[in-house]
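The values are calculated or read from the model by the stated rules, or taken from the named source; none is laboratory data. Just so it is clear, the structure is predicted and the values come from calculations on it, not from any experiment. Note: ideal-geometry Cβ built from the backbone for every residue, glycine included; neighbour counts use all protein chains shown.
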Amino acid sequence: MQNYPQYSNKQKWIHWLTLILIVLTFLLVLFKVTLSHYLGGMFTIYLLHKSFGVLIFVITLWRFTIIKTEGVPNVLPKNQKLQRILSKSIQGFIYIFLIIVPMSGYLMSSRSLNFGGIISIPAIDMPNMFYDFFHIMHKFSSYLLAILLILHIAGALYHYFWIKDKVLQSMLSRN
Ligand code: HEM
Ligand code: HEM
């Protein structure tokens, strides 16, 4: 057992699994033209994009319940007020966007959502104007999420390479 605060194993697994899913979700749409040659067309690209997106949404809700029961470790020193405010606000906004991005993805379409080719979630019927609104929201919020993640990762690397404290290890090492 290490002598610095740590996230639970469950929290670590969820954190790194979300990273993998987010990267795949982004890569699928950013390189859709190239990838569609290998994956047998645009249908598969969007089937995977939407299914990964739904998984991220569900995992995020699960993450909330875990935080509620287990709490989060106090990783940053108490006297580093600015660092604490910055890192906690970025984490908070990441959570908000992990909900907004998949929700807007679902709401922007008048067609039912096919999850993994097995479950069909019916679309919500509304005027076209709203679909367009959620479409813009999906694009805009996904890029904002990407910016937040870049800041978040830069912060983690800053702690590891510059301050040389144990912040990164709190999310990495085995308990
Ligand atoms: C966290 C999860 C998600 C992320 C990070 C994400 C991200 C993105 C990004 C970056 C784009 C490209 C935007 C552009 O054209 O500039 C996109 C497009 C799209 N996303 Fe998502 N998405 C997620 C979840 C979902 C979900 C759950 C659905 C549907 C249920 C969905 C449906 C779509 C569709 C249909 C497009 C194509 C839009 C177009 O062609 O203009 N996405 N998404
Ligand atoms: C290379 C990529 C990443 C690194 C090095 C990294 C590193 C870390 C570290 C060290 C912490 C603990 C910091 C603290 O408690 O102040 C943390 C927490 C967190 N990270 Fe990341 N992260 C990465 C990617 C991601 C991604 C892709 C997401 C979301 C999609 C994410 C979301 C979060 C959230 C929400 C927290 C708060 C803790 C929690 O509630 O589980 N991170 N990350």
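Scanning for something under 21 Å from L144 (Cβ atoms), among the aromatic types (F, W, Y) and not in a helix (DSSP H, G or I), does the stretch 49-61 turn up at least one residue? So far as the stretch 49-61 goes, no, none of its residues is under 21 Å from L144 (Cβ atoms), among the aromatic types (F, W, Y) and not in a helix (DSSP H, G or I). Restricting attention to the stretch 2-40, the residues that are at pLDDT below 95 and either within 9 Å of ligand 1 (Cβ to nearest atom) or on the phi > 0 side of the Ramachandran plot (or both) add up to 1. Contact map, the stretch 137-159: first residue farther than 15 Å from Q169 by Cα, second residue within 11 Å of ligand 1 (Cβ to nearest atom) and aliphatic (A, V, I, L, M), Cβ cut-off under 6 Å, separation 6 or more or different chains; pairs are H138/M108; S141/I100; S141/V101; S142/V101; L145/V101; L148/I94. Looking at the stretch 1-43, which of the residues that are closer than 30 Å to D165 by Cα and charged (D, E, K, R) is surrounded by the most Cβ atoms within 10 Å (Cβ to Cβ)? It comes out as K12.
Okay, residues lined up against (1) under 21 Å from I22 (Cα atoms); (2) in a helix (DSSP H, G or I); (3) within 16 Å of ligand 2 (Cβ to nearest atom):
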{"site": "Q83", "(1), (2), (3)": "no, yes, yes"}
{"site": "I90", "(1), (2), (3)": "yes, yes, yes"}
{"site": "F97", "(1), (2), (3)": "yes, yes, yes"}
{"site": "A123", "(1), (2), (3)": "no, no, no"}
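Considered as a group, the residues in the stretch 103-139 that are within 9 Å of ligand 1 (Cβ to nearest atom) and either within 15 Å of the chain's Cα centre (by Cα) or acidic (D, E) (or both) include one that is nearest to T60 (Cα to Cα), and that residue is M103. Is there a residue being β-branched (V, I, T), over 20 Å from L24 (Cα atoms), surrounded by fewer than 11 Cβ atoms within 10 Å (Cβ to Cβ) and modelled with pLDDT of 95 or more anywhere in the stretch 133-148? Looking through the stretch 133-148, none of the residues is β-branched (V, I, T), over 20 Å from L24 (Cα atoms), surrounded by fewer than 11 Cβ atoms within 10 Å (Cβ to Cβ) and modelled with pLDDT of 95 or more.
Table: residues versus (1) out of contact with any helix residue (DSSP H, G or I) (no Cβ under 9 Å at 6 or more places or on another chain); (2) within 27 Å of I153 (Cβ to Cβ); (3) surrounded by 17 or more Cβ atoms within 10 Å (Cβ to Cβ).
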| position | (1), (2), (3) |
| --- | --- |
| I56 | no, yes, yes |
| K68 | yes, yes, no |
| Y95 | no, yes, no |
| S120 | yes, no, no |
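Pairs are defined by a Cβ separation below 7 Å, a sequence spacing of at least 6 or placement on different chains, a first member in the stretch 118-136 that is among the hydroxyl-bearing types (S, T, Y), and a second member that is surrounded by 11 or more Cβ atoms within 10 Å (Cβ to Cβ); the pairs so defined are S120/S112; S120/N114; Y131/M108; Y131/S109; Y131/S110. Cβ separations smaller than 9 Å between residues 6+ apart or across chains give the following pairs from the stretch 20-34 residues that are within 14 Å of S51 (Cβ to Cβ) to residues that are of a type in the set (G, A, S): L21/G53; I22/A146; T25/G53; T25/S142; V29/S142.
Could you tell me which of the residues I94, I90, I163, I100 is away from ligand 1 (no atom under 16 Å from the Cβ), at pLDDT 95 or above, out of contact with any Lys or Arg (no Cβ under 7 Å at 6 or more places or on another chain) and β-branched (V, I, T)?
On the way: I94 fails: away from ligand 1 (no atom under 16 Å from the Cβ); I163 fails: at pLDDT 95 or above; I100 fails: away from ligand 1 (no atom under 16 Å from the Cβ).
Sole residue among the options that is away from ligand 1 (no atom under 16 Å from the Cβ), at pLDDT 95 or above, out of contact with any Lys or Arg (no Cβ under 7 Å at 6 or more places or on another chain) and β-branched (V, I, T): I90.
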